[in-house]
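What follows is calculated from the coordinates using simple rules that are stated; it is not laboratory data. In this text, all values refer to a predicted model and were calculated from it rather than measured experimentally. Neighbour counts run over all protein chains shown; Cβ positions are idealised from the backbone, glycine included.
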Amino acid sequence: MPVIDSHHHFWNYTDADYGWIPPEWSVIRRDFLPADLHAEISAAGVDGVISVQARQSLVETDWLLGFAAQHPFIRAVVGWLPIIDPAVEAHLDRYAAHPKLRSLRHVLQAEADDAYMLRDDFNRGISALTRRGLAYDILILEKHLPNTIAFVDRHPTQVFVLDHIAKPRIAAGELEPWAKNIRELARRPNVSCKLSGMVTEADVARWTPAQLQPYFDVVRDAFGPSRLLFGTDWPVCLAGVSYARWMQTVETALRTMSEDERAAVLGENAQRIYRLP
């Protein structure tokens, strides 16, 4: 049974590039590079990882693809390209042939316009991804779910992967309207969901598995075992949980699934959805 961490980041830390990291998360205000992650996955029994962009630049995408070319345990990259650029087709012609580029992502959660994903230029760029067989990772907050549903409906054949279960308000203990909107989004069979990023939406110092379980239950029932992917969001997760403990938390949360279903969530779905070599 392969185990694939479908979501992690690398960075050379600077305050300017990673200003979104609050001072109290001092544990992650340093460099995190392939050697650091390899030590973590070796100890946890993880077979491979998918590297996800953390900065919106071509330099970042090139950097991640360079690491992927050097390190076999990096199975794929979710990069960034200027999707709204009129020249997006030219960028895709350059990058789509890379053997490990499997998806793109834009930091929608940080856009001032909550309807950014409904822009015509953005949707033209997504259509160009579809023609090239690339997936698209959706990074949003729970407030963006209604617009995201409308966005996904424009692209019924595009493969979408929702990051961090759309960041519900776990610290406040709120399930609605997130749960209702997640169930509606999950009705689209071309959307899958990563089990990642949950601890940092809770109280990082006081969270418990019991606090997270209702959110696990909603996405488990909504997406089912064939459209859920295990991810750690390392090193961001280290603000509240170790790599190994997050993996154990996910496995425990899925304890009611069959062995085959857990195998799908822990690795097989990532292999299929991201077309891993």
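From the P(r) of the chain, could you give the percentage of C-alpha pairs in the tail past 23 Å? For the chain, the fraction of Cα-Cα distances above 23 Å is 50 percent. The mean sequence separation of alpha-carbon pairs under 8 Å and at least six residues apart, normalised by the residue count of region 27-185, gives a relative contact order of 16 percent. Amide H to amide H, with H built 1.01 Å from N, SER192 comes under 5 Å of PHE160, VAL161, LEU162, counting only residues 5 or more places away or on other chains. Residue separation of ARG206 and SER226 scaled by 0.36 nm, minus their Cα-Cα distance, works out to 4.1 nm of gained length. Mean sequence separation of contacting Cα pairs (under 8 Å, at least six apart), scaled by the length of region 195-242, corresponds to a relative contact order of 68 percent.
Extension gain, ASP217 to ASP153, is 20.6 nm, computed as 0.36 nm per intervening residue step minus the present C-alpha separation. Of the peptides 157-165, 93-101, the ranking by mean beta-carbon count within 10 Å, highest at the top, reads 157-165, 93-101. Beta bridges per DSSP, both residues in region 4-273: antiparallel share near 5 percent. Stretched out straight at 0.36 nm per residue, the stretch from SER127 to VAL59 would grow longer than its current Cα-Cα span by 22.1 nm. Classify region 2-103 as rounded, prolate or oblate, taking a ≥ b ≥ c as the square roots of the eigenvalues of its Cα gyration tensor: rounded when a/c is under 1.5, otherwise prolate if a/b is larger than b/c and oblate if not. Oblate, since a/c reaches 1.5 and b/c is not below a/b.
Computed from backbone phi with θ = phi - 60° and the Karplus coefficients 6.51, -1.76 and 1.60, the 3J(HN,Hα) list for region 118-127 is 9, 4, 5, 5, 5, 5, 4, x, 5, 4 Hz; x is used for glycine and proline.
Let me check against my output: what whole-number percent is the relative contact order of region 4-273, with C-alpha pairs under 8 Å and at least 6 apart? So the answer I get is 19 percent.
For region 124-206, taking Cα atoms only, Rg and Dmax work out to 13.6, 45 Å respectively.
Checking the cross-link filter: which lysines have an alpha carbon closer than 23 Å to that of LYS100, excluding same-chain neighbours under 8 positions apart? Result set, ordered by chain and number: LYS194.
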